[in-house]
1. Contact order normalised by length for the stretch 8-61, with contacts defined as Cα pairs under 8 Å and 6 or more residues apart; what percent is it?
2. Measuring from a point 7 Å past the Cα of Ala55 along Cα-to-C-beta, which residues in the stretch 13-30 have an amide N at less than 13 Å?
3. Which FRET efficiency value, to the nearest 0.05, is calculated for His44 and Thr6 with the Förster distance at 22 angstrom and r the Cβ-Cβ distance?
4. I'd like the Karplus ³J(HN,Hα) series for the stretch 55-65: coefficients 6.51, -1.76, 1.60, θ = phi - 60°, whole numbers in Hz, and an x wherever there's a Gly or Pro.
5. Let's see if you can work this out: charge +1 on each Lys and Arg Cβ, -1 on each Asp and Glu Cβ, no other charges. What is the dipole magnitude of the chain about its Cα centre, in debye to the nearest 20?
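What follows is calculated from the coordinates using simple rules that are stated; it is not laboratory data. Please read all numbers here as calculations on a predicted model, not as lab measurements. We place every Cβ from the backbone using ideal geometry, glycine too, and count neighbours over all the protein chains shown.
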Amino acid sequence: MPKVKTHSSSKKRFKITGTGKVKMSHAFRRHRLISKSRKAKKRHRLGAYVAAGDAANVKRLLPYK
């Protein structure tokens, strides 16, 4: 069976943890931060996990991770 290509933008955005969850970073942290609340900026510093319904799609894009 031939190799499957890894989706290039997905490998930069997602990591698979040891338990099989898909880890990602939050959006809305790059620019125009002055108009966002301190609380929102603090929350988006932390990592997040992909929702269970979307995790299967992400794992399909990352076949060897």
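1. Working: 47 pairs, mean separation 21.0, N = 54.
Relative contact order, the stretch 8-61: 39 percent.
2. Once the point is set 7 Å along Cα→Cβ of Ala55, 15-24 turn out to lie under 13 Å by backbone N, inside the stretch 13-30.
3. FRET efficiency, His44 to Thr6: 0.25.
4. Result, rounded to whole Hz: 4, 5, 5, 5, 5, 5, 6, 10, x, 10, 9.
5. 440
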